1. Could you pull out every one of the strands (runs of 3 or more DSSP E) wholly within region 218-319 that has 3 or more residues that are within 16 Å of ligand 1 (Cβ to nearest atom)?
2. Just a yes or no: is a residue in region 36-45 modelled with pLDDT under 90, within 30 Å of the chain's Cα centre (by Cα) and charged (D, E, K, R)?
3. When you go through (1) assigned to a helix (DSSP H, G or I); (2) more than 14 Å from ligand 2 (Cβ to nearest atom) one by one for Leu408, which number turns out not to apply?
4. Looking only at region 240-256, how many residues end up being touching a Gly at 6+ places or on another chain (Cβ under 8 Å) and among the aromatic types (Phe, Trp, Tyr)?
5. Can you name the residue in region 411-428 that is of a type in the set (Lys, Arg) and under 18 Å from His228 (Cα atoms) and, of all such residues, is nearest to ligand 2 (Cβ to nearest atom)?
6. Go through region 166-202 and give me each residue that's of a type in the set (D, E, K, R), under 19 Å from Val34 (Cβ atoms) and not in a loop (DSSP other than H, G, I, E, B).
7. For Val373, state whether it is assigned to a strand (DSSP E or B) and either crowded, with 23+ Cβ neighbours inside 10 Å or within 16 Å of ligand 1 (Cβ to nearest atom) (or both).
8. State yes or no: is Ser458 free of Cβ contacts under 8 Å to residues at least 40 places away in the same chain and more than 22 Å from Thr264 (Cα to Cα)?
Amino acid sequence: MTSSFSFVARINKSSKLKKITSILTHNKCNINKVIYNSKIDNNIVFFDIDNNSLELQEELKKSGFMLTSIQEPIFIKLKINIAKQKNPVAKILSLAAKSDVTISFIEYDGKDQHKKDQMTLMLNADNSQNIKIFLDHLKLKFRLSIVEYTPSDDDLGSTIFYINYANKLRKFTGWHDDRLIISFLTEINEIAFSLKKLGYDPEDVFLKIYENGETLLKTSGENFYAEHQILQVTPQTTLHCFQPPCGGNIYLLDSPDETLMIDTGYGIYHDDIMKMLHSLDLWQDDKPKKLFVSHGDSDHCGGAGYLKMVPYSYRGTIDLIKSGNRAYKSINADSRLEHIYTTMIGAFSRWLPPDRQLDFEPADLDKIGAFPVVGRLKACGMDFYVLKSHGGHQYGQLFLLEPDCNLLFTADSMLNMKSISRERARYNQLADLFLTSVNVDRELAKKEREDLTEIAESYMSEGADKFYICCGHGAISFLRNGRLAPALESHHYGMSK
Ligand SMILES: [Fe+2]
Ligand SMILES: [Fe+2]
């Protein structure tokens, strides 16, 4: 079987497309897929071909068509004095055509008294020799002023959309390797156009992805904030729930001689979370600590590597992380959208997930409710049963049940979405767009929720007056008539909201 090869081609004239296809034909390769939409960017074409030979790649690189760098192009802006000239616009444009320069922008309005003596041109400076010839000719007839210029998006419209976009991706990911960013751009483009089949406008998809990266960047650092709930679980142990601006909750159990962190939040918030915990005196360097990771989504495990702690978790979660696919071992494991979404969120949120885990102590029970018990976790004077989910939200996701303290940590199988702010809900829209559901298997996820509810209800019917559901997102809640309601008030941490 022949392997395929994807590349991004830069074209500024349709004749170049013909040249690319003749190189491909000459190398006897078939084009599997082409994506070109001049409304988005009239200079960039995405190709997928059935030939991955290095010779062909070299030839494409040498031809200058293959995009290998995303350096923002430099443009030259010319202000041309055309006072007292006869038919100046036609003269200038004919000179430009003869010199074969690429014009990105023209501004001339002969009806405006203030502007009629001036014409503004913007040239793409990718061929300096042609520009020199053009300017030399132009100077013979007109007075010019020239400014080297990097334009804003508004000036360019659809001329360098992808290059600009790739540079934003660089900012969001922190990656320096252009090849990596170009391949990431190809994947995002693939998503944007495959969602088009479902009725979404690719431009909206690009915008949503941009907003996602930007929101993560904007809410980290000095703009970081969190909602904070405090629950006194025993006289010695306090449970803290932190909801960061985006992504999953971070829980912290604090006892006089130990700290247990349950999920880490996104990697991009690591420094902010540490600063917050230090300021609340909840992260003391000399106190022993344990870390538990519920599942492999970046908003729950992406900070583990920064903590330099090996977490307690399910072994399969490490396999899932290594696979780079949040839908690993699920019915949607082959979905490209799941795969690309995993890469994208991981990159934007600067994830540094765990690469190994610690096993749990053996348990005295095989099953609680519908869930297998995979072990016990003892920390902060508590004794948790570790339950393995059905894999509805994600393969390998774990729950924690502390029967004596009436605590159930449900990870992303029970969420109190009603308790989250509008900003957080907006951020979550991207996952809805990409994945239609954040659960890798909807039916199993529904069963998971029902089975967790059954456990909570069984504790309540046995006389537990308060049974706390510690959700993956949203406030610590009580279950009331099948619905989640915040169990405690929240305090706001941070300057922003
Ligand atoms: Fe989550
Ligand atoms: Fe999740």
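The values are calculated or read from the model by the stated rules, or taken from the named source; none is laboratory data. Predicted model only: the values in this text are computed from it and were never measured. Neighbour counts run over all protein chains shown; Cβ positions are idealised from the backbone, glycine included.
1. Per the criteria, 238-243.
2. yes
3. Of everything listed in (1) assigned to a helix (DSSP H, G or I); (2) more than 14 Å from ligand 2 (Cβ to nearest atom), Leu408 misses just condition (1).
4. Number satisfying all stated conditions: 1.
5. Checked region 411-428; the qualifying residue nearest to ligand 2 (Cβ to nearest atom) is Arg424.
6. The initial filter retains those residues of region 166-202 that are of a type in the set (D, E, K, R), namely 168, 170-171, 177-179, 187, 190, 196-197, 201.
Now narrow it down to the ones that are under 19 Å from Val34 (Cβ atoms): 187, 190, 196-197.
Answer for region 166-202, where residues must be of a type in the set (D, E, K, R), under 19 Å from Val34 (Cβ atoms) and not in a loop (DSSP other than H, G, I, E, B): Glu187, Glu190, Lys196.
7. No.
8. Considered against the rule, which asks whether it is free of Cβ contacts under 8 Å to residues at least 40 places away in the same chain and more than 22 Å from Thr264 (Cα to Cα), Ser458 comes out as no.
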